[in-house]
Amino acid sequence: MSLPHITLLVLALYMVQIFLQETTRYRFSLRLIIGNRDNPPSPSLLAARFDRAKNNLLEALPFFLGLTFLNMIIREDTTVAATGALVFLLARIVYVPAYLSGVPWVRSLIWLVANAGLLIMVWPLI
């Protein structure tokens, strides 16, 4: 899979996480979701975890996108960067259910794997 395709999938994952966070916050009530959201309900435990998982990806996204663009601009061969991006994507996909489950250590270990993917993306730039 190419680096641009993986990047599109990472952005799609972010959109899915936004959707899941918002719909769980409003308890899947279409009436509340399509309203003006002036008085949001208190988030459930699940909605709060979705929110934190989404925010965590949002914090990592500038690093991922920066490394993606640098590799696409500077390097002709982006195979190593694509491998790192794929590691990042797969770890971030697994990160969401791990975060929701609340199992200690698992979420943090998966986060480390995702960051290892970012380090793999740095390697060709050094």
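Condition check: free of Cβ contacts under 8 Å to residues at least 24 places away in the same chain, within 17 Å of the chain's Cα centre (by Cα), surrounded by fewer than 13 Cβ atoms within 10 Å (Cβ to Cβ) and on the phi < 0 side of the Ramachandran plot. Does Leu112 satisfy that? For Leu112, the condition - free of Cβ contacts under 8 Å to residues at least 24 places away in the same chain, within 17 Å of the chain's Cα centre (by Cα), surrounded by fewer than 13 Cβ atoms within 10 Å (Cβ to Cβ) and on the phi < 0 side of the Ramachandran plot - is met.
Is it fair to say Thr83 is assigned to a helix (DSSP H, G or I), free of Cβ contacts under 8 Å to residues at least 60 places away in the same chain and hydroxyl-bearing (Ser, Thr, Tyr)? So Thr83 passes the test. Exactly one residue out of Ala98, Ala60 is without any contact (Cβ under 8 Å) to a residue 24 or more places away in the chain and buried (at least 18 other Cβ atoms within 10 Å of the Cβ), and it is Ala98.
Within the range 1-10, how many residues are touching a residue at least 40 places away in the same chain (Cβ under 8 Å) and in a helix (DSSP H, G or I)?
6
In the range 26-35, is there at least one residue being in contact with a Leu (Cβ under 9 Å, 6 or more places away or on another chain) and of a type in the set (Lys, Arg)?
Scanning the range 26-35 turns up no residue that is in contact with a Leu (Cβ under 9 Å, 6 or more places away or on another chain) and of a type in the set (Lys, Arg).
Any read-out appearing in this document is the output of simple, stated calculations on the displayed coordinates, not a laboratory observation. Treat the numbers as computed from the prediction; the structure is a model and nothing was measured. Backbone-built Cβ (ideal geometry, glycine too); neighbour counts: all protein chains shown.
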